[in-house]
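What follows is a short report on a single structure.
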Amino acid sequence: MFKKYKPEIVFHLAAQPLVRRSYIFPKETYEINIIGTVNILDIAKNIDSIKAVVVITTDKCYENKEWIYGYRETDPIGGFDPYSSSKGCVELIVSSYRNSFYNEKGIALSSVRAGNVIGGGDWAEDRLIPDFVRAVSQNKPVIVRNPLAIRPWQYVLEPLSGYLWLGALMLEDKEKYSSSWNFGPNDTDVLNVSEILNLAIKNWGKGNIELDRNSQLHEANF
């Protein structure tokens, strides 16, 4: 495909993106997220038309300390669950390929991280808004594992516009923009799960929340 369409910029968004699924299928999660990224980077470095590659990971790639402030590039990469740790591995892979191959070939390479993205077209399981819509449409309660969990919610067009701008800037100045970038909302816009659902219920006009007391899997609170 690369040789056929001769792209200048590659955006790698393919992934197994679900935390709970990663507990059920850890091997699949690591294969898709890690080996899939290696395959893309290994092929892209040998395609003459490619000038920049943007690899989308996640804000979950940091080792979560439940701190109240944002993570910095001096903080350790890691992850408790297979999904998060696989994305931490991808960050290391991107850094290695940048230093080992891409800098020498003059190809810009960046990793970008966003938090909990919401918006049209997402019908995956364990997604808050799709789960809400499915439940309310069937007159069922919205089952919530951790109503007080805080996530950096953002609308899908916000990080996507950031990715596109970054790709364009990487073409203009490879050395300045080949790095790791975080995309997230302002601190004042960060809400917990219950607050998001209450907004959804208010706008939909109906719905109620029910706590899932059976979930035993570890998930970050903040």
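Where does the charge balance sit around I118 when Lys and Arg score +1, Asp and Glu -1, over other residues with C-beta under 11 Å from its C-beta? Around I118, the surrounding residues sum to 0. The value of relative contact order for the stretch 1-61, using C-alpha pairs under 8 Å at least six residues apart, is 54 percent. Taking 0.36 nm per residue of sequence separation and removing the Cα-Cα distance, the E219/I118 pair yields an extension gain of 34.5 nm. A simple spin-label model places the labels of Y155 and E172 2.5 nm from each other, with each point 7 Å out along Cα-to-Cβ. Among the GluC sites (Glu not before Pro) found in the stretch 27-119, those both in a DSSP coil and sparsely packed, with 16 or fewer other Cβ atoms within 10 Å of their Cβ, are E63, E66, E73. List the lysines whose alpha-carbon lies under 22 Å from that of K65, not counting same-chain residues fewer than 8 positions away? Within the straight-line limit of under 22 Å, K65 reaches these lysines: K87.
Mean separation of Cα pairs under 8 Å and 6 or more residues apart, divided by the residue count, gives the stretch 7-166 a relative contact order of 23 percent. Helix 128-137 and the longest principal axis of the C-alpha atoms of the chain enclose an angle of approximately 40°.
Modelled spin labels at K4 and Q138, positioned 7 Å past Cα toward Cβ, are 3.8 nm from each other. Scattering from the stretch 116-222 was approximated by placing one identical point on each alpha carbon and applying the Debye formula without solvent; log10 I(q)/I(0) at 0.12, 0.13 1/Å stands at -0.52, -0.60.
Sequence-ordered 3J(HN,Hα) estimates for the stretch 95-103 from the Karplus curve with 6.51, -1.76 and 1.60 and θ = phi - 60° stand at 4, 5, 5, 4, 6, 7, 10, 5, 4 Hz, glycine and proline given as x. For the peptides 197-203, 47-53, the ranking by packing is 47-53, 197-203, with the highest mean count of neighbouring Cβ atoms within 10 Å listed first. The value obtained for the stretch 3-118, namely the Cα convex hull volume divided by the number of residues, is 117 Å³ per residue. Taking 16 Å as the straight-line reach from the Cα of K174, the lysines in range (excluding those fewer than 8 positions away in the same chain) are K45, K51, K105.
Rule-based calculations on the coordinates, nothing more; no lab input. No experiment lies behind these values; they were computed from the predicted model shown. No Cβ is skipped: glycine too gets one built from the backbone with ideal geometry, and neighbour counts run over all protein chains shown.
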